[in-house]
Each structure stands twice: as structure tokens, then as C-alpha cells.
Amino acid sequence: MTASRVDFISMPFAIRIFGDAAIVTLLHQMKSEKKEYPIWGRKLNLDCFEQVKTGVSVRFNISFSNIINEGNNTNTVIAHFATECKNCCGSLVLKF
């Protein structure tokens with residue numbers, strides 16, 4: 001559920017929702033109970049074709065590319081996300 005002063009989710013709010021969800025999902029996939037190392041977004045692509053309403057459940061799917069090991073204890077993965085209604089989608093490149 002989301003709440004906002006306006007009846008739609010703004011792009012900055014959407015970035016926060018999808019970014020935080022991608023990081024938490026990545027941590028779960030890596031079997032980590034807490035954020036023990038830094039994970040940061042390097043590149044974001046976000047398309048909103050229609051408004052995403054607030055006050056209702058915002059359901060979306062996240063999928064990940066294979067992890068790319070860049071050496072020096074640095075990995076990269078791409079998180080792809082899309083709302084179930086397909087009106088907002090994008091990708092986030094994560095480094096950790």
C-alpha cells in the first residue's frame with residue numbers, strides 16, 4: 001500500500017519503492033538476514049506509461065540477471081521490475 005498527498009505515485013516515490021524492493025530482494029536471494037555490505041544503484045531506467053494510483057496495493061515483479069563478478073570484491077546485477085498492470089517498468093543496475 002502507498003499513501004501520498006496526490007492520488008498517484010510520483011516518479012521519485014516510484015524510484016524509492018522499486019530501488020528498496022530490489023535491494024531487499026537481492027539480500028533475500030543471497031540468504032542474508034541483514035545488509036552486511038553496501039549495495040548501491042549505478043544506473044536506473046524507469047518508464048511510467050500511465051499513473052500508478054495510491055491507496056491501493058502496488059503489485060510488481062522483480063527479476064535479476066546473472067551476477068557479474070568484476071573482481072576486487074565487486075559484483076553487478078541488473079534488477080528488472082514491472083507493475084502487474086504494466087503501466088510502470090524499468091531496470092536498476094546494482095553494485096555490491
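Counting 0.36 nm for each residue step from Glu84 to Met30 and taking away their Cα separation leaves a gain of 17.0 nm.
Roughly how big is segment 11-95's charge dipole about its Cα centre, with Cβ charges of +1 (Lys, Arg) and -1 (Asp, Glu), in debye to the nearest 20? Numbers along the way, then the final one.
On the way: 10 positive and 7 negative charges, 18 e Å.
Value, rounded to 20: 80 debye.
Suppose the chain between Val93 and Ala3 were pulled fully straight at 0.36 nm per residue; how much longer would it get relative to their current alpha carbon spacing? Please list the in-between numbers first.
On the way: separation 90, 0.36 × 90 = 32.40 nm, distance 2.68 nm.
Separation in residues times 0.36 nm, less the Cα-Cα distance, equals 29.7 nm.
Sorting the Cα pairs of segment 11-95 by distance into bins of 10 Å, from 0 upward, gives 16, 50, 26, 7, 1 percent per bin.
Computed per residue of the chain from DSSP H runs no shorter than four, each worth -39500 (n - 2.57), the mean residue ellipticity at 222 nm is -7000 deg cm²/dmol.
Beyond 17 Å, what share of the Cα-Cα pairs of segment 1-41 is found? Please give it as a whole percent. If you can, show how the numbers build up before the last one.
Numbers: 335 of 820 pairs.
Cα-Cα pairs in segment 1-41 separated by more than 17 Å: 41 percent.
When the chain is treated as a Gaussian network with alpha carbon springs shorter than 10 Å, the biggest mean-square fluctuation among Ser32, Ser57, Ser65 belongs to Ser57.
Whole-Hz Karplus values for segment 85-96 come out as 7, 6, 8, 8, 8, x, 8, 9, 8, 10, 10, 7 Hz, taken residue by residue from phi with 6.51 cos²θ - 1.76 cosθ + 1.60 and θ = phi - 60°; glycine and proline positions read x.
Counting alpha carbon pairs within less than 8 Å and at least 6 residues apart, what relative contact order, in whole percent, applies to the chain? List each step's numbers first, then the result.
Details: 148 pairs, mean separation 31.5, N = 96.
The value is 33 percent.
Any read-out appearing in this document is the output of simple, stated calculations on the displayed coordinates, not a laboratory observation. Owing to the predicted nature of the structure, the values given are computational and were not obtained by experimental measurement. Every residue, glycine as well, gets a Cβ built from its backbone with ideal geometry; the counts of neighbours run over all protein chains shown.
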